[in-house]
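A.B. asks: Sharing a structure, written as structure tokens. Questions coming.
The values are calculated or read from the model by the stated rules, or taken from the named source; none is laboratory data. All values reported here derive from a predicted model rather than from experimental measurement. Every residue, glycine among them, receives a Cβ derived from its backbone with ideal geometry; neighbour counts consider all protein chains shown. With ligands, DNA and RNA removed, areas are computed over all heavy atoms of the protein, side chains included. Shrake-Rupley method; radii C 1.70, N 1.55, O 1.52, S 1.80 Å.
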Amino acid sequence: MLVSYELKLKIDELNNYKIYNWGSLMQGVLLEDIDPNYVEKLHNMKYNPYSQYIYMNEEKEYIWRINTIGEEAYNNILKDNILNKEMVYIKQKDIEINICEKKLVKSININELFRKWFIYDKSNNKIRYRIVTPVSYKIDNRYVIVPDIAIILSNIINKWNAFSTNKIEKDIYEEYILKTFISNYNIKTTTFSIERVRIKSYIGEIEITINANQMMSNILNLLFEFAEFSGLGIKTSMGMGGIAKKDG
């Protein structure tokens, strides 16, 4: 089960477009009241079954997006935890924040998502997405802050394979690298702050094109719809890598 909620927060700060730097603080809020045994389980997982980030939307409202992968994550993080709260407390800033609204954005079984793109939906050969919070990848102890199709696809496929029974094999991934490319982008470099660490990253919009058959185009759409739940790149549970697919 893939579930995504958006919570509108009342924060007394004006036009803080870099509110995404609160991501690690919001993770602390999210995990504070969870069963310690489940928190320990999360710490031992290679890929977290959730992502979350905070941002300012076009209406200048502060939105906290929380995504979960699987029923266990949904129950522990959302259903039995944050969805029961009307207010959260951030210790590091010593402030209480009211939750003004809770909205279910999307809910779909991961196998239904797979069937959706393999049986029902027909896609074009382009994917356009907006990077809502900074994205970065760490390769050989360095941060990669230039979009690279091989790194992007590898990251999403590894996360998909960690949670889905419908695995994407290595030979398919290699074929994607040969037939998929970044056809347009409008990005800028930035940094994402976690306590005293500033992570080099990028933010903006990207268009990806695949020169392949309908099936491969559908798989590409599948992967990027899944990435809206898993997040892109590193530290997606701490507020990085939030993306949103664009229509058209």
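A.B. asks: Please enumerate the residues belonging to segment 9-41 that are within 21 Å of Glu195 (Cα to Cα) and of a type in the set (A, V, I, L, M, F, W, C).
C.D. replies: Ile11, Ile19, Trp22, Leu25, Met26, Val29, Leu30, Leu31, Val39
A.B. asks: Separate question: Scan segment 227-248 and report the pairs whose first residue is in contact (Cβ under 8 Å) with a residue 24 or more places away in the chain and whose second residue is surrounded by fewer than 24 Cβ atoms within 10 Å (Cβ to Cβ) and part of a loop (DSSP other than H, G, I, E, B), with Cβ atoms within less than 6 Å and a gap of 6+ or a chain change.
C.D. replies: Gly233/Ser136; Ile234/Ser136; Ser237/Asn48
A.B. asks: For segment 109-125, does any single residue satisfy the condition of being part of a strand (DSSP E or B) and either farther than 19 Å from Thr236 by Cα or modelled with pLDDT under 90 (or both)?
C.D. replies: Taking every residue of segment 109-125 in turn, none turns out to be part of a strand (DSSP E or B) and either farther than 19 Å from Thr236 by Cα or modelled with pLDDT under 90 (or both).
A.B. asks: Name the residues in segment 139-162 that are among the aliphatic types (A, V, I, L, M) and either over 16 Å from the mean Cα position of the chain (by Cα) or not in a helix (DSSP H, G or I) (or both), would you?
C.D. replies: Ile139, Val144, Ile145, Val146, Ile149, Ala150
A.B. asks: Which one is nearest to the chain's Cα centre (by Cα) among residues in segment 175-205 that are open to solvent by 40 Å² or more (accessible area, probe 1.4 Å), more than 14 Å from Asp148 (Cα to Cα) and in contact (Cβ under 8 Å) with a residue 60 or more places away in the chain?
C.D. replies: Residue satisfying both the conditions and the ranking: Lys200.
A.B. asks: Also: Of all the residues that make up segment 3-18, how many are of a type in the set (Val, Ile, Thr) and either over 22 Å from the mean Cα position of the chain (by Cα) or open to solvent by 30 Å² or more (accessible area, probe 1.4 Å) (or both)?
C.D. replies: Selection size over segment 3-18: 1.
A.B. asks: Being at positive phi and either open to solvent by 10 Å² or more (accessible area, probe 1.4 Å) or in contact (Cβ under 8 Å) with a residue 40 or more places away in the chain (or both): is that true of Lys60 here?
C.D. replies: Yes, satisfied.
A.B. asks: Based on this model, can you work out whether Leu78 counts as surrounded by 16 or more Cβ atoms within 10 Å (Cβ to Cβ) and within 24 Å of Tyr173 (Cα to Cα)?
C.D. replies: It is false that Leu78 is surrounded by 16 or more Cβ atoms within 10 Å (Cβ to Cβ) and within 24 Å of Tyr173 (Cα to Cα).
A.B. asks: Cβ-Cβ distance below 7 Å, separation of 6 or more or different chains: which pairs start in segment 65-77 with a residue that is closer than 19 Å to Met238 by Cβ and end on one that is charged (D, E, K, R) and in a loop (DSSP other than H, G, I, E, B)?
C.D. replies: That search, which allows pairs on different chains as well, returns Asn76/Asp35.
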